[in-house]
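Q: One structure is given below, represented as C-alpha cells, and several questions about it will come after.
The values are calculated or read from the model by the stated rules, or taken from the named source; none is laboratory data. This is a predicted model, so every value here is computed, not measured. In this analysis, Cβ positions are derived from the backbone assuming ideal geometry, glycine residues included, and neighbour counts consider all displayed protein chains. The accessibility values were calculated without ligands, DNA or RNA, using every heavy atom of the protein model including side chains. Shrake-Rupley method; radii C 1.70, N 1.55, O 1.52, S 1.80 Å.
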Amino acid sequence: MIGGTAIKALLGPKWTTWARTVTRGMERPAWGNLRRVTPISARYGFDRGTPIDRYYVDKFFTAHRDAITGRVIEIQTRDHIRRYGSGIVAADTLDIDPSFQPTHCCDLAHADRVPSGSYDCFLLPNTLCFLRNLDASLREARRIVRPGGIILATVPGFVPLTADVEDYWHASAAGWRVVAARVWPDCDTTVESHGNCLAAAAAMYGIAVEELTAAELDVHDPRYPVLVTIACRTR
Ligand SMILES: C[S@@+](CC[C@H](N)C(=O)[O-])C[C@H]1O[C@@H](n2cnc3c(N)ncnc32)[C@H](O)[C@@H]1O
C-alpha cells in the first residue's frame with residue numbers, strides 16, 4: 001500500500017493539489033479570460049463604464065448629502081459639491097496642482113492661507129492615499145472646518161495603485177481608525193469598509209460596475225476593503 005507522502009512525492013505539488021480538490025469535491029477555478037497578469041482595463045474600468053470603487057463613493061456621498069451644505073470645500077474640483085450638495089453658499093477648491101485653478105493652491109499639509117473654521121464641510125474623495133504628509137494634512141483639514149462641521153473622505157483600498165503619481169496609503173478600515181484617532185482624537189469619526197472578494201477582483205481587473213449587479217456589489221465582507229469611507233464630525 002502506497003502512503004500519502006509517497007503519493008505526494010510521486011505526483012508533485014501541482015498534481016497533488018489537483019488530486020486533493022477532485023477527491024475532496026472542492027471547487028476548482030474556471031479562469032476563462034481571467035488567467036492573466038495584466039488587467040482587462042488599465043484605466044480602472046473608466047473606458048468600459050464606472051470603476052468599481054465609484055459605486056461605493058456614490059453611496060457614501062449620497063448617504064451624507066444633507067451634510068454637504070453651506071460653505072463647502074473640495075480637493076481638486078467641485079464635482080462632488082455639484083453632484084451631492086444643496087444650499088451651497090461657497091463651493092471652493094484646494095489643490096497642490098495649479099493646473100486645476102483651485103481657490104486655494106497649496107499643500108494641504110501647509111494650508112495656513114485658509115482661515116481656521118472657515119468651512120462647514122470638506123470633501124476629500126479618493127484623496128488621502130496621495131497625501132505624502134498624511135497626518136499634517138488631516139490636522140489641517142480639521143482646522144479649516146468649523147466646530148460641528150464635517151469632513152467626508154473616501155479612500156481606495158483593494159484597487160490598483162495610480163501609476164502616474166505617488167500613491168502612498170491603502171489601509172484597512174482598522175488602519176484608518178488608527179490614523180483618525182491619532183489626528184482627530186476629539187472628533188466623532190466613523191470609518192467603514194465596502195466591498196467583497198468579487199468586487200475586489202473586479203476592481204483589480206478593471207471590470208466596470210455595469211458588469212456586476214447591485215446585489216453582488218452590496219455584499220459586505222470586511223476582509224476585502226475595496227473602498228474605505230471616513231466621516232469626521234468636528235467638535
Ligand atoms: C485623485 S485626485 C482627487 C479626487 C478626484 N476628484 C476624484 O474624484 O477621484 C487627488 C488630488 O489631490 C491633489 N493632491 C495631492 N497631494 C496633495 C497635497 N499634499 N495637498 C493638496 N492637494 C494634493 C492632487 O493634485 C489631485 O488633484
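Q: Does any residue in segment 107-118 that is more than 8 Å from residue 137 (Cβ to Cβ) and more than 8 Å from the ligand (Cβ to nearest atom) come within less than 7 Å, Cβ to Cβ, of a residue that is basic (Lys, Arg) and not in a loop (DSSP other than H, G, I, E, B) six or more places away or on a different chain, and which pairs are these?
A: Matching pairs, first to second residue: 116/143; 117/146; 118/71.
Q: Same structure again: Quick check on segment 3-25. Is at least one of its residues assigned to a loop (DSSP other than H, G, I, E, B), among the charged types (D, E, K, R) and loosely packed, with under 10 Cβ neighbours inside 10 Å?
A: Narrowing segment 3-25 to residues assigned to a loop (DSSP other than H, G, I, E, B): 3, 24-25.
Now drop any that are not among the charged types (D, E, K, R), which leaves 24.
Add one more test, that the residue is loosely packed, with under 10 Cβ neighbours inside 10 Å, and what stays is 24.
Among the residues of segment 3-25, at least one is assigned to a loop (DSSP other than H, G, I, E, B), among the charged types (D, E, K, R) and loosely packed, with under 10 Cβ neighbours inside 10 Å, which makes the answer yes.
Q: Filter segment 146-161 for residues that are within 14 Å of residue 204 (Cβ to Cβ) and either more than 14 Å from the ligand (Cβ to nearest atom) or loosely packed, with under 14 Cβ neighbours inside 10 Å (or both) and give the result. Before the answer, list the steps.
A: Let us first name the residues in segment 146-161 that are within 14 Å of residue 204 (Cβ to Cβ), namely 156-161.
The answer is 157, 158, 161.
Q: Still on this structure, I have one more. Which members of segment 126-166 meet the condition of being of a type in the set (Gly, Ala, Ser), in a strand (DSSP E or B) and farther than 18 Å from residue 193 by Cβ? Walk me through it before giving the result.
A: Residues of segment 126-166 that are of a type in the set (Gly, Ala, Ser), as a first pass: 136-137, 141, 148-149, 153, 157, 163.
Pick out the ones that are also in a strand (DSSP E or B) and you get 148-149, 153.
Selection gives 148, 149.
Q: With the condition kept exactly as written, say whether any residue in segment 79-97 is within 14 Å of the ligand (Cβ to nearest atom), hydroxyl-bearing (Ser, Thr, Tyr) and over 29 Å from residue 213 (Cβ atoms).
A: Yes; the residues of segment 79-97 include at least one that is within 14 Å of the ligand (Cβ to nearest atom), hydroxyl-bearing (Ser, Thr, Tyr) and over 29 Å from residue 213 (Cβ atoms).
Q: Given the conditions (1) open to solvent by less than 70 Å² (accessible area, probe 1.4 Å); (2) under 30 Å from residue 37 (Cβ atoms); (3) within 15 Å of the ligand (Cβ to nearest atom), and given that residue 202 satisfies all but one, which numbered condition is not satisfied?
A: (3)
Q: In segment 190-235, what residues are at positive phi and among the hydrophobic types (A, V, I, L, M, F, W, C)? Quick ask: steps written out before the conclusion?
A: Residues of segment 190-235 that are at positive phi, as a first pass: 195, 206.
Those that are at positive phi and among the hydrophobic types (A, V, I, L, M, F, W, C): none in segment 190-235.
Q: Next question, about the same structure. One residue is enough: does segment 39-50 have a residue meeting the conditions within 16 Å of the ligand (Cβ to nearest atom), assigned to a helix (DSSP H, G or I), more than 30 Å from residue 103 (Cβ to Cβ) and not basic (Lys, Arg)?
A: Scanning segment 39-50 turns up no residue that is within 16 Å of the ligand (Cβ to nearest atom), assigned to a helix (DSSP H, G or I), more than 30 Å from residue 103 (Cβ to Cβ) and not basic (Lys, Arg).
Q: Turning to a different aspect of this structure: Residue check: is residue 109 under 28 Å from residue 159 (Cα atoms) and open to solvent by 70 Å² or more (accessible area, probe 1.4 Å)?
A: Details: under 28 Å from residue 159 (Cα atoms): yes; open to solvent by 70 Å² or more (accessible area, probe 1.4 Å): no.
No, not satisfied.
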